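*Asks:* Questions regarding the structure given below will be posed in turn.
The values are calculated or read from the model by the stated rules, or taken from the named source; none is laboratory data. Keep in mind that what you see is a predicted model, and the values were worked out from it rather than measured. Here the Cβ positions follow ideal geometry from the backbone for every residue, glycine too, while neighbour counts run over all protein chains shown.
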Amino acid sequence: MTVDILLPFYGDVSMMKEAVRSVLRQSNPDWRLIVVDDGYPDDSIPGWFAALGDPRVTYERNQTNLGANGNYRRCLTFVENPLVQVMGADDVMLPNYVDWLVDAARRCPGASIFQPGVFVIDENGARSDSLVEKVKRFYMPCSGKAELLRGERLAVSILRGDWLYFPSLAWRAETILGLGFREGYDVVQDVALVCDVAMSGGGLLYDPTIAFMYRRHSGSDSSWRALEGTRFDEERRFFLQMASEMEARGWRRAARVSRLHVSSRLHAAALLVKAARARNSVGVRNLAKHIVR
């Protein structure tokens, strides 16, 4: 079964190349890689891809910058096969990933989304075990074996705390193409899509088998947005929207969890001291607003 691997790119070129090489090292050769460059200013990139000489790799460059959400949506236009993976351009796919995904899809036909076990690294490739990872482990299913979540249980799980590693997720094509990424979200577009899957009756398989390395570094867009506090404006808008939609479905527990969004507010509280030390007055104001609302 061929797997479509989509790689939206704008950022560190060397890390992007490492991500591509990790796909080339897959033990299962039945995949297609489509890299969609959102206009990153480096004229050497097209030549590098041409030199790979691998017909499974396609490089596309947007004529105008579409932004994160727009580029993700353009990536979806290239899907041709039943299984889809949307990879981060600074992450690393372990050699067993495609084999793991194909096997998981066969074992669990009721799953629409697939989350493998993840090893977290920093910008230098060393193991990372930050506070974020500890919080994710707290919210993550802890049975120690593969587990399928669906319906309100899935919605509550992800709205309590985003324990997923979005760039490591894989999807059934009919699910991700049928729902797509909601417009208007750049930071929480992943959680929004998972909630849409839950509300449409789909399931998420969490399998602790390690198959992916997720990179967490201080220079990421989400890290900058977090310290500035701007990401929380989007988060607050999202959680209130989800509370309304969950309430309309009669999912009262999910609506309550989303309305309170405790983990998001605690995240802002953890960053408040850091923003104050950096004398980031805008960040302090935005973070404080999110905590008390």
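*Asks:* Among the candidates 192, 211, which residue alone is assigned to a helix (DSSP H, G or I), of a type in the set (Gly, Ala, Ser) and under 30 Å from residue 106 (Cα atoms)?
*Replies:* 192
*Asks:* Only residues that are closer than 23 Å to residue 22 by Cα and either in a loop (DSSP other than H, G, I, E, B) or assigned by TED's automatic domain parsing to the domain that holds residue 270 (or both): list them for segment 119-130, please.
*Replies:* Within segment 119-130, 122, 123, 124, 125, 126, 128, 129 meet the criteria.
*Asks:* Going through 288, 269 one at a time, which residue ends up being modelled with pLDDT under 80 and either of a type in the set (Phe, Trp, Tyr) or buried (at least 16 other Cβ atoms within 10 Å of the Cβ) (or both)?
*Replies:* Just a single option satisfies the conditions, and that option is 288.
*Asks:* Quick check: anything in segment 284-293 small (Gly, Ala, Ser) and over 25 Å from the mean Cα position of the chain (by Cα)?
*Replies:* yes
Residues checked against (1) touching a helix residue (DSSP H, G or I) at 6+ places or on another chain (Cβ under 8 Å); (2) farther than 17 Å from residue 153 by Cα:
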residue: 233; (1), (2): yes, yes
residue: 236; (1), (2): yes, yes
residue: 241; (1), (2): no, yes
residue: 248; (1), (2): no, no
residue: 258; (1), (2): yes, no
residue: 264; (1), (2): yes, yes
residue: 267; (1), (2): yes, yes
residue: 274; (1), (2): yes, yes
residue: 284; (1), (2): yes, yes
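*Asks:* Here is a follow-up. Go through segment 39-59 and give me each residue that's farther than 16 Å from residue 13 by Cβ and loosely packed, with under 10 Cβ neighbours inside 10 Å.
*Replies:* 53, 55
Residue-by-condition table, conditions (1) surrounded by fewer than 18 Cβ atoms within 10 Å (Cβ to Cβ); (2) outside any loop (DSSP other than H, G, I, E, B); (3) outside the structural domain of residue 87 (by TED's automatic domain parsing); (4) not aromatic (Phe, Trp, Tyr):
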| position | (1), (2), (3), (4) |
| --- | --- |
| 132 | yes, yes, no, yes |
| 145 | yes, no, no, yes |
| 149 | no, yes, no, yes |
| 156 | no, yes, no, yes |
| 182 | yes, no, no, yes |
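*Asks:* When you go through (1) surrounded by 19 or more Cβ atoms within 10 Å (Cβ to Cβ); (2) modelled with pLDDT of 95 or more one by one for residue 210, which number turns out not to apply?
*Replies:* (1) is the only condition that residue 210 fails.
*Asks:* While we're here: Which ones in segment 65-82 are of a type in the set (S, T, N, Q) and either surrounded by 17 or more Cβ atoms within 10 Å (Cβ to Cβ) or more than 14 Å from residue 11 (Cα to Cα) (or both)?
*Replies:* If the condition is that a residue be of a type in the set (S, T, N, Q) and either surrounded by 17 or more Cβ atoms within 10 Å (Cβ to Cβ) or more than 14 Å from residue 11 (Cα to Cα) (or both), then 69, 71, 77, 81 are the ones that fit.
*Asks:* Filter segment 158-180 for residues that are closer than 18 Å to residue 231 by Cβ, assigned to a helix (DSSP H, G or I) and in contact (Cβ under 8 Å) with a residue 60 or more places away in the chain and give the result.
*Replies:* Within segment 158-180, 159, 166, 167 meet the criteria.
*Asks:* Before we move on, is residue 119 among the aromatic types (Phe, Trp, Tyr) and within 14 Å of residue 6 (Cβ to Cβ)?
*Replies:* no
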